[in-house]
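Participant: Below you'll find the structure I mean.
Every number here is computed from the coordinates shown, using simple stated rules; none is lab data. Since we're looking at a predicted model, the values are computed, not measured. Glycine gets a Cβ as well: all are built from the backbone with ideal geometry, and neighbour counts include every protein chain shown.
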Amino acid sequence: METQKAESRLTPRLVDALYVEAMLLADEARAYFDEHGKDDREQLAPMLRVGFSCESLKVTTRLMHVIAWLLTRRAVESGELNETQGRHPSRRLGHAVESDTTLVSQLPEDAQALIVSSIDLYDRVKRIDSGMEPTESPAHSLMRRLRASL
């Protein structure tokens with residue numbers, strides 16, 4: 001099945017690498033948006049300041065969804081959860097609101113870099129998560145339809 005292919009590509013080593021990347025990016029985002037980026041934000045026009053704050057929340061949300069998903073995968077790998085529990089909809093990658101590219105292009109470079117990095121990481125994990133959805137092979141689909149037509 002296609003799910004088995006996705007699972008075979010998702011090794012503990014890949015999960016660990018993604019987890020480290022997510023945690024480092026979360027730390028960078030916290031440091032920037034909570035500390036270093038305050039000066040950048042204060043130099044923006046009032047509406048851009050609001051956009052800056054919204055984008056910082058989107059970055060945080062993306063990263064928290066990724067980290068939660070990776071922790072679930074670790075729990076499956078360690079046997080704390082079985083694969084069925086790990087694929088439960090409540091444990092799938094959460095939805096993250098997309099960033100406004102026009103707004104992002106007007107933000108300071110450091111903010112843009114964090115936003116783009118969080119989108120990239122989220123999109124990579126989303127592709128992995130999507131590949132874990134059980135899909136029926138074409139042969140099984142044909143057999144099921146043939147049985148149904150009898």
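Participant: Going by the structure shown, is Met143 assigned to a helix (DSSP H, G or I), free of Cβ contacts under 8 Å to residues at least 24 places away in the same chain and surrounded by 11 or more Cβ atoms within 10 Å (Cβ to Cβ)?
Facilitator: It is true that Met143 is assigned to a helix (DSSP H, G or I), free of Cβ contacts under 8 Å to residues at least 24 places away in the same chain and surrounded by 11 or more Cβ atoms within 10 Å (Cβ to Cβ).
Participant: Something else: State yes or no: is Ile67 in a helix (DSSP H, G or I), among the β-branched types (Val, Ile, Thr) and touching a Phe, Trp or Tyr at 6+ places or on another chain (Cβ under 9 Å)?
Facilitator: When the stated conditions are applied, Ile67 passes them.
Participant: Of the conditions (1) more than 18 Å from Tyr32 (Cβ to Cβ); (2) basic (Lys, Arg); (3) surrounded by fewer than 18 Cβ atoms within 10 Å (Cβ to Cβ), Arg73 fails just one. Which one is it?
Facilitator: It fails just one condition, (3).
Participant: Could you check, for the range 43-66, whether at least one of its residues is crowded, with 17+ Cβ neighbours inside 10 Å, closer than 16 Å to Leu10 by Cβ and out of contact with any His (no Cβ under 8 Å at 6 or more places or on another chain)?
Facilitator: Among the residues of the range 43-66, at least one is crowded, with 17+ Cβ neighbours inside 10 Å, closer than 16 Å to Leu10 by Cβ and out of contact with any His (no Cβ under 8 Å at 6 or more places or on another chain), which makes the answer yes.
Participant: Which count do you get for residues in the range 78-128 that are in a loop (DSSP other than H, G, I, E, B) and either in contact (Cβ under 8 Å) with a residue 60 or more places away in the chain or not β-branched (Val, Ile, Thr) (or both)?
Facilitator: Total satisfying the criteria: 18.
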